[in-house]
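Right, one structure below, let's go through it.
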Amino acid sequence: LRSVKDIIGYVISAEDGEIGRCRDFLFDDEWWTVRYMVVDTGKWLPGRKVLVSPIALGDPDWLNRKFPVKMTKEQIAGAPSIEEDAPVSRRYERQYFGHYYWPYYWSGADTWGATPYPPPMPVHGAKEDQEPHEDPEESHLRSVKEVIRYDIRGTDGEVGHVEDYIVDDETWTIRYMVADTRKWLPGRKVLVAPQWIKGVEWAERTVDVDLTVKAVKESPEYDPSAPVNREYEMRLYDYYGRPVYWR
């Protein structure tokens with residue numbers, strides 16, 4: 001489990017050279033799963049926003065803050081371009097996945113279509129047929145940076161605001177939002193799982209959770225300097241009396 005904010009700024013390298021740095025992530029607000037890393041390409045492709053799917057990410061060098069991509073610079077540069085500040089539409093995603101010959105993540109009943117994990121990269125030219133009736137028209141992608149600072153409301157009052165996200169670096173599912181409670185408990189941070197969210201008011205920049213303010217105040221504290229391990233998760237889920245996600 002990794003802090004999303006910590007990964008922002010990592011150096012991103014293709015098989016034949018550096019392409020830029022991670023500057024944001026786009027997550028799916030239905031599955032709460034990261035679908036793309038947004039890479040700032042600097043002088044390599046000026047004015048271009050480059051998206052990298054977790055499908056193409058290699059094993060990171062956490063110590064040196066580097067992420068490899070299992071593609072060449074030519075493959076990445078040849079992907080359909082998108083305007084710097086334009087939203088990522090489903091139409092663009094079809095073109096993007098078609099360029100790389102990857103199966104659509106939205107065609108299937110699991111997190112990544114047919115599997116809970118990003119599928120292995122297929123041989124070029126081996127793209128599977130996509131079922132039109134399983135291909136929704138609307139994308140559900142949100143910027144991590146945009147949703148940070150959203151207010152979090154409990155069932156009986158304000159809890160705090162979104163400070164960060166904790167993501168599983170194998171499935172790329174967001175396991176927790178980090179809530180900063182500084183307004184009533186300075187310096188204290190707590191974790192809230194997406195399964196405990198009742199709804200998100202995107203226009204109002206507010207996340208509503210199915211938890212009382214008192215319950216959040218007394219929940220196990222999150223320490224950003226320590227890893228989120230299974231022992232801590234057990235305490236958190238036991239405290240709230242909620243079913244765990246790993247069984």
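The values are calculated or read from the model by the stated rules, or taken from the named source; none is laboratory data. None of the values given here were measured: they were computed from a predicted structure. Here Cβ is always computed from backbone atoms with ideal geometry, including for glycine, and neighbour counts include all displayed protein chains. Please note that ligands, DNA and RNA were not included when accessible areas were found on the heavy atoms of the full protein model with its side chains. Shrake-Rupley method; radii C 1.70, N 1.55, O 1.52, S 1.80 Å.
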Scope the range 10-43; condition part of a loop (DSSP other than H, G, I, E, B) and either open to solvent by less than 20 Å² (accessible area, probe 1.4 Å) or within 22 Å of H99 (Cα to Cα) (or both); matching residues: Y10, E15, D16, T41
Inter-residue pairs, beta-carbon under 7 Å, first basic (K, R) and in the range 32-54, second at pLDDT 90 or above and open to solvent by 30 Å² or more (accessible area, probe 1.4 Å), 6+ apart: R35/L141
Single match in D238, D208 (criterion: touching a strand residue (DSSP E or B) at 6+ places or on another chain (Cβ under 7 Å) and modelled with pLDDT of 95 or more): D208
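The rows are residues; the columns are (1) part of a loop (DSSP other than H, G, I, E, B); (2) crowded, with 20+ Cβ neighbours inside 10 Å; (3) polar (S, T, N, Q).
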site	(1), (2), (3)
H161	no, yes, no
D164	no, yes, no
D169	yes, no, no
I174	no, yes, no
P186	yes, no, no
G199	no, no, no
A203	yes, no, no
Y222	yes, yes, no
A226	yes, no, no
Scan of the range 192-217 for residues that are of a type in the set (S, T, N, Q) and more than 16 Å from G160 (Cβ to Cβ), ordered by number: Q195
Pairs where the first residue, in the range 146-160, is closer than 11 Å to K217 by Cβ and small (G, A, S) and the second is at pLDDT below 90 and open to solvent by 80 Å² or more (accessible area, probe 1.4 Å), C-beta under 9 Å, 6+ apart: G160/R182; G160/K183
